[in-house]
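Some notes on the structure that comes next.
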Amino acid sequence: MSMRVQIPQEEYIRLQEQQKKAAYYHEQYKAIHRQIEKYKQYKEQYYKSIQQIQAYQEQHTQLQQQYEEAQKQLEHVKAEYEYLRQQYKVLQRMLFGPKREKVQKEDEEQLTLFNEAEALAETKPEKTIEVRSHRRKKGGKKRLPVDLPTEVIEYDVSEEEKECPCCGRKRPQIGQEQTEEIDVIPPKVQKRVYIRKKYGPCDCEAFFEEGHTEVITAQGAKRLLPGSQVSERTMAMVIASKYVDGIPLTRQVAMLQRYGIDVSKQTMSHWVLQVASKCQKLYELLWDEALTGPVVQMDETTVQVLHEEGRSPTSTSYMWVMIGYPQKDVPIIVYHYDQRRSSEVPLQLLKGYKGYVQTDGYAAYTKAIEETKCTAVGCFAHVRRKFYECEKATPTQFSKEAIEHIDKLFAIDRRLRETVPEEDQFVTKRKEEALPVLERLHSLCIAHKNSVLPKSLAGDALEYCLGQWDKLIRYVDHAWLRPDNNAVERAIRPFVVGRKNWLFANTKRGAQASAVLYSLIQTAKANNKEPYHYLCTVFKRLPYAETKDDYIKLLPHRLLLD
């Protein structure tokens, strides 16, 4: 039986109050616990937010970098586009525009549209100078050469018309009317037969007793190609037609067939190769004499050789050209075939030479000239061409002024060559006039060096000009040097014109033969000798040449034509 404990009223009330407090504190604890849980959630959210912010910041940094890179790429693309646009305009002009690199009057006026105020402000009164008078050539028909073979055809009235109808006496001749015309006679093909008569022994007894030669044969003239069916004049015609007129051998074969002569292209090619081999000694002497002067000029162009051991038919080879001056105004032009375009080729060609070498800015020349201890000279024609391309693509006052300075250098050189014959005086006078112009051109380029885009035509022109500057200004040191290398470029042009017709060389031997024959022909032309007549004379005399002096007398600049 349980016993109920009696609790005093006050204790009971106190216990109830404690129980209420305990329940209250328990509720408070649960509330605080809930707050703590919420705090933990907030804390986790906070850290997550911090991480998201950091991720966003990193993403923002990456996007900023990508944006900056995109901006750089955009600027690069814009510069590339502008450069390609300029190149397009240059190529378009090369194909469809005039070939002369001359700034027209309307171009000069157009340049001042955007800087009219500055142009007018900087305009200074022009100085007037007196120039020597000249006579303008009269237009009309040119007179035919006096020494040209002439056929005179006379027309006269009948004897009856000469008589006076009144008295019957003959009317006096008071003059005549003369008309000239060019009459071209087509080539005449003929067969030339050489007969060497033979004589036997005499039938006298003494002839046999004394032991004389029983059979004697007349001595014939020596031939360039013994045993062949081609004469020296025919060979000269074939070579001149190909290497002067650019007529391929295939067309020449067809031309001979019209005259009833059946010669294959292979036979004609064999003739050319044999003749080039006979002229090898002359070719070597040309090289030796070209390097005896104080100045040489060099350049190169491409050529394709179909059958060359170890190389594809589409491989590019090169024809190197050099002009030497053993005497003043006596140029020797020599060609050299090589597979390579490296510095080893000019190094080989310039071996033993110690003078001025004028070239373009191709690095192979620079390396070879340094190794041979020669003096490098630059070409202002190449510099002008780059500024001219810039001028035609995007006209600017800067490129116009650069062209004007370069044109002044050419004008000074031309004028002084006509008026100052003494070499020492010419060099002194040219330095006095040219050096200030050179200094202004150099200052102009330096001033615009940082204001033009490197990847542009103007940037290319500036880089080329300043990079070649030390070589460009050396032309003023020697009277035989000119501001440009155009002479050797003109020497390359006949080869390029011929290449457009015959397209390629069949073998390496053929390319080397072309180098030999082009050297003889172009040197003859440069020394005012007609190529066909020069070749006829050389081919006639070459079989009789034995000593070195005999060969030297046959060189184009030394030979007296028949």
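Return only the number of the condition from (1) among the charged types (D, E, K, R); (2) farther than 23 Å from LYS455 by Cα; (3) touching a Lys or Arg at 6+ places or on another chain (Cβ under 7 Å) that ARG93 does not satisfy.
(2)
Inspect the stretch 196-211 for any residue being surrounded by 10 or more Cβ atoms within 10 Å (Cβ to Cβ), more than 30 Å from VAL146 (Cβ to Cβ), in contact with a Pro (Cβ under 8 Å, 6 or more places away or on another chain) and not aromatic (Phe, Trp, Tyr) and give the result as yes or no. Talk me through it step by step, then tell me what you get.
Let us first name the residues in the stretch 196-211 that are surrounded by 10 or more Cβ atoms within 10 Å (Cβ to Cβ), namely 199, 201-202, 207-208.
After this cut, where a residue has to be more than 30 Å from VAL146 (Cβ to Cβ) as well, the list is 199, 201-202, 207-208.
In the following step, the residues that additionally are in contact with a Pro (Cβ under 8 Å, 6 or more places away or on another chain) were identified as 207-208.
Then keep just the ones that are not aromatic (Phe, Trp, Tyr); that gives none.
Scanning the stretch 196-211, I find no residue that is surrounded by 10 or more Cβ atoms within 10 Å (Cβ to Cβ), more than 30 Å from VAL146 (Cβ to Cβ), in contact with a Pro (Cβ under 8 Å, 6 or more places away or on another chain) and not aromatic (Phe, Trp, Tyr), so the answer is no.
Return the residues of the stretch 406-439 that are β-branched (Val, Ile, Thr) and more than 27 Å from the chain's Cα centre (by Cα); say none if nothing qualifies. Step through it out loud before you land on a result.
Going through the stretch 406-439, the residues β-branched (Val, Ile, Thr) turn out to be 406, 412, 419-420, 427-428, 437.
Within the stretch 406-439, THR419, VAL420, VAL427, THR428 qualify.
Modelled with pLDDT under 90, within 41 Å of the chain's Cα centre (by Cα) and farther than 30 Å from ILE153 by Cα: which single residue out of SER228, SER269, SER241 fits that description? Steps first, please.
On the way: SER269 fails: modelled with pLDDT under 90; SER241 fails: modelled with pLDDT under 90.
Within the list SER228, SER269, SER241, the selection yields SER228.
Check whether at least one residue in the stretch 377-396 is modelled with pLDDT of 95 or more and either in a strand (DSSP E or B) or acidic (Asp, Glu) (or both), and report yes or no.
For the stretch 377-396, residues modelled with pLDDT of 95 or more and either in a strand (DSSP E or B) or acidic (Asp, Glu) (or both): present.
Could you list, in sequence order, all residues of the stretch 263-279 that are assigned to a helix (DSSP H, G or I), in contact (Cβ under 8 Å) with a residue 24 or more places away in the chain and either among the aromatic types (Phe, Trp, Tyr) or under 17 Å from PRO226 (Cβ atoms) (or both)? Walk me through it before giving the result.
Filtering the stretch 263-279 for residues assigned to a helix (DSSP H, G or I) gives 265-278.
Filter once more, keeping what is in contact (Cβ under 8 Å) with a residue 24 or more places away in the chain: 268-269, 271-278.
Result: TRP271, VAL272, LEU273, GLN274, VAL275, ALA276, SER277, LYS278.
Does the stretch 476-499 contain at least one residue that is farther than 30 Å from ILE552 by Cβ, among the aromatic types (Phe, Trp, Tyr), in contact (Cβ under 8 Å) with a residue 24 or more places away in the chain and surrounded by fewer than 21 Cβ atoms within 10 Å (Cβ to Cβ)?
No - not one qualifying residue is present in the stretch 476-499.
Filter the stretch 234-248 down to the residues that are touching a residue at least 24 places away in the same chain (Cβ under 8 Å) and assigned to a helix (DSSP H, G or I), then identify the one that is surrounded by the fewest Cβ atoms within 10 Å (Cβ to Cβ).
Top of the filtered list is MET237.
When only residues in the stretch 345-365 that are among the hydrophobic types (A, V, I, L, M, F, W, C) and not in a helix (DSSP H, G or I) count, which is farthest from VAL476 (Cα to Cα)? Spell out how you get there, then give the answer.
Restricting attention to the stretch 345-365, the residues satisfying the condition of being among the hydrophobic types (A, V, I, L, M, F, W, C) are 345, 347, 349-350, 357, 363-364.
Keeping just the survivors that are not in a helix (DSSP H, G or I) gives 350, 357.
Details: LEU350: 22, VAL357: 14 Å.
Within the stretch 345-365, the match that is farthest from VAL476 (Cα to Cα) is LEU350.
Report, by residue number, each residue of the stretch 285-299 that is closer than 13 Å to GLY352 by Cα, in a helix (DSSP H, G or I) and touching a residue at least 12 places away in the same chain (Cβ under 8 Å).
TRP287, GLU289, ALA290
Inspect the stretch 321-329 for any residue being surrounded by 15 or more Cβ atoms within 10 Å (Cβ to Cβ) and in a helix (DSSP H, G or I) and give the result as yes or no.
No, the stretch 321-329 contains no residue that is surrounded by 15 or more Cβ atoms within 10 Å (Cβ to Cβ) and in a helix (DSSP H, G or I).
What's the total number of residues in the stretch 498-522 that are of a type in the set (Val, Ile, Thr) and either outside any helix (DSSP H, G or I) or out of contact with any Pro (no Cβ under 8 Å at 6 or more places or on another chain) (or both)?
Keep residues of the stretch 498-522 that are of a type in the set (Val, Ile, Thr), which gives 507, 516, 521.
Among the residues that remain, those that are also either outside any helix (DSSP H, G or I) or out of contact with any Pro (no Cβ under 8 Å at 6 or more places or on another chain) (or both) are: 507, 516.
Result for the stretch 498-522: 2.
Are any residues in the stretch 366-376 surrounded by 21 or more Cβ atoms within 10 Å (Cβ to Cβ) and either of a type in the set (Val, Ile, Thr) or assigned to a loop (DSSP other than H, G, I, E, B) (or both), and if so, which ones? Walk me through it before giving the result.
Narrowing the stretch 366-376 to residues surrounded by 21 or more Cβ atoms within 10 Å (Cβ to Cβ): 368-369.
Correct list: ILE369 only.
Identify the single condition in (1) surrounded by fewer than 19 Cβ atoms within 10 Å (Cβ to Cβ); (2) under 30 Å from LYS386 (Cβ atoms); (3) of a type outside the set (D, E, K, R) that PRO313 does not satisfy, given that it satisfies every other one.
Among (1) surrounded by fewer than 19 Cβ atoms within 10 Å (Cβ to Cβ); (2) under 30 Å from LYS386 (Cβ atoms); (3) of a type outside the set (D, E, K, R), the lone unmet condition for PRO313 is (2).
Quick grid of which residues meet (1) under 26 Å from TYR544 (Cα atoms); (2) in contact with a Leu (Cβ under 8 Å, 6 or more places away or on another chain); (3) of a type in the set (D, E, K, R):
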{"site": "GLU177", "(1), (2), (3)": "no, no, yes"}
{"site": "PRO187", "(1), (2), (3)": "no, no, no"}
{"site": "TYR194", "(1), (2), (3)": "yes, no, no"}
{"site": "HIS212", "(1), (2), (3)": "no, no, no"}
{"site": "LYS222", "(1), (2), (3)": "yes, no, yes"}
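Can ILE182 be described as more than 30 Å from SER519 (Cβ to Cβ) and within 43 Å of the chain's Cα centre (by Cα)?
Against the criterion (more than 30 Å from SER519 (Cβ to Cβ) and within 43 Å of the chain's Cα centre (by Cα)), ILE182 qualifies.
Surrounded by 11 or more Cβ atoms within 10 Å (Cβ to Cβ) and either more than 30 Å from GLY459 (Cβ to Cβ) or at pLDDT 75 or above (or both) - does that describe any residue in the stretch 1-11?
Yes, there is a match, as at least one residue in the stretch 1-11 is surrounded by 11 or more Cβ atoms within 10 Å (Cβ to Cβ) and either more than 30 Å from GLY459 (Cβ to Cβ) or at pLDDT 75 or above (or both).
Taking the stretch 357-388, which residues are under 18 Å from the mean Cα position of the chain (by Cα) and among the basic types (Lys, Arg)?
Of everything in the stretch 357-388, those that are under 18 Å from the mean Cα position of the chain (by Cα) and among the basic types (Lys, Arg) turn out to be ARG384, ARG385, LYS386.
Every residue in the stretch 451-472 that is surrounded by fewer than 17 Cβ atoms within 10 Å (Cβ to Cβ) and either outside any helix (DSSP H, G or I) or of a type in the set (A, V, I, L, M) (or both), please.
Across the stretch 451-472, the qualifying residues are SER451, LEU453, PRO454, LYS455, LEU466.
Quick one: in the stretch 337-352, of everything that is more than 26 Å from TYR464 (Cβ to Cβ) and surrounded by 15 or more Cβ atoms within 10 Å (Cβ to Cβ), which residue is modelled with the highest pLDDT? Steps first, answer last, please.
Step one: list which residues in the stretch 337-352 are more than 26 Å from TYR464 (Cβ to Cβ), which gives 337, 339, 348, 351-352.
Add one more test, that the residue is surrounded by 15 or more Cβ atoms within 10 Å (Cβ to Cβ), and what stays is 337, 339.
Values: TYR337: 95, GLN339: 92.
If we take residues in the stretch 337-352 being more than 26 Å from TYR464 (Cβ to Cβ) and surrounded by 15 or more Cβ atoms within 10 Å (Cβ to Cβ), then TYR337 is modelled with the highest pLDDT.
The values are calculated or read from the model by the stated rules, or taken from the named source; none is laboratory data. These figures come from a predicted structure and were not determined experimentally. So basically every Cβ, Gly included, is an ideal-geometry build from the backbone, and we count neighbours across all protein chains shown.
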